[in-house]
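One structure below.
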Amino acid sequence: MVKNKFISYPCRKIFWELQFMESTYTDELVSITGEDITFFNYYFPTCKKKVVKIADIENIIILEPTLKNGKWRIHGTGNFKVWFPNDSDRPNRDRIFVAFLKNQWIDIGFTVKDGDRVEKILNSRNLIKKV
C-alpha cells in the first residue's frame, strides 16, 4: 500500500481501492479484481468457475505456447500438476500463464484474450516471476 502521511485514513483507503480499479480485467476466460482471480469453465465436466484469492498465489510464470507447455491442452491436465480451464481457442493464444498456488498441489495454467494487459496487471501486483 502506498502510504502518504498527508492523506487521511478514509481517503487512503479510497486511494488504495482506486489504484486497482484500472487493473480490473474480464473476458470469457478469467476475471481479475484487486482481491481474486476467477477462472471460468474450470471444472470438468460441469464447467463451473473457480475463484482464487490473490493472496493464495505464490507467483505466476509466463510461457511461450508449445506442445509441452499446454498449447493444445483445451481442458484438463496432461501431467497431473497443472490444470487448464476450458479454452477451445488456446492454440491461438500468444502466451500461457501458470499460477503456482501456496496451499494447493495442483497449479493453474490459463490463457486470456489480452495477454499484454493481463501481464501488466499481474506485474503491477508483483505476481510475475521471470523464468
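No lab work stands behind these numbers, since they all come straight from the coordinates. None of these values were measured; they are calculated from a predicted model. Note that each Cβ is placed from the backbone with ideal geometry, even for glycine, and that neighbours are counted across all protein chains shown.
In the stretch 86-111, which residues have a backbone nitrogen under 12 Å from the label point lying 7 Å from Phe80's Cα in the Cα-to-Cβ direction? Backbone N within reach: none found. In order along the stretch 44-61, the phi-based Karplus estimate (6.51 cos²θ - 1.76 cosθ + 1.60, θ = phi - 60°) of 3J(HN,Hα) comes to 10, x, 6, 6, 6, 7, 10, 10, 10, 5, 4, 5, 8, 9, 6, 6, 10, 10 Hz; Gly and Pro are listed as x. Using the Cβ-Cβ distance between Tyr43 and Arg125 with R0 set to 25 Å, the FRET efficiency works out to roughly 0.45. Short-range pairs are left out: with C-alpha atoms under 8 Å and at least six residues apart, the relative contact order of the stretch 48-101 is 46 percent. Taking every C-alpha pair closer than 8 Å and separated by at least 6 residues, the mean separation divided by the residue count of the stretch 15-113 gives a relative contact order of 23 percent. Cα centroid separation, the stretch 102-131 to the stretch 21-52: 12 Å.
Loop-located trypsin sites (Lys or Arg not before Pro) across the stretch 45-105 with a Cβ neighbour count of 14 or fewer within 10 Å are Lys48, Lys49, Lys68, Lys81, Lys102, with loop assigned by DSSP. Rounded, prolate or oblate: which one fits the stretch 36-110, using the alpha carbon gyration tensor with axes a ≥ b ≥ c (rounded when a/c is under 1.5, else prolate when a/b beats b/c, else oblate)? Since a/c reaches 1.5 but b/c is at least a/b, the shape of the stretch 36-110 is classed as oblate. Here the Karplus curve 6.51 cos²θ - 1.76 cosθ + 1.60, taken at θ = phi - 60°, turns the phi angles of the stretch 89-98 into couplings of 9, 3, x, 9, 6, 8, 7, 10, 9, 10 Hz, with x standing for Gly and Pro.
Relative contact order, whole percent, for the stretch 69-131 stands at 26, derived from Cα pairs under 8 Å and 6 or more residues apart.
Between Asp107 and Val82, Trp83, the built amide H atoms are under 5 Å apart, and every one of these is 5 or more places off in sequence or on another chain.
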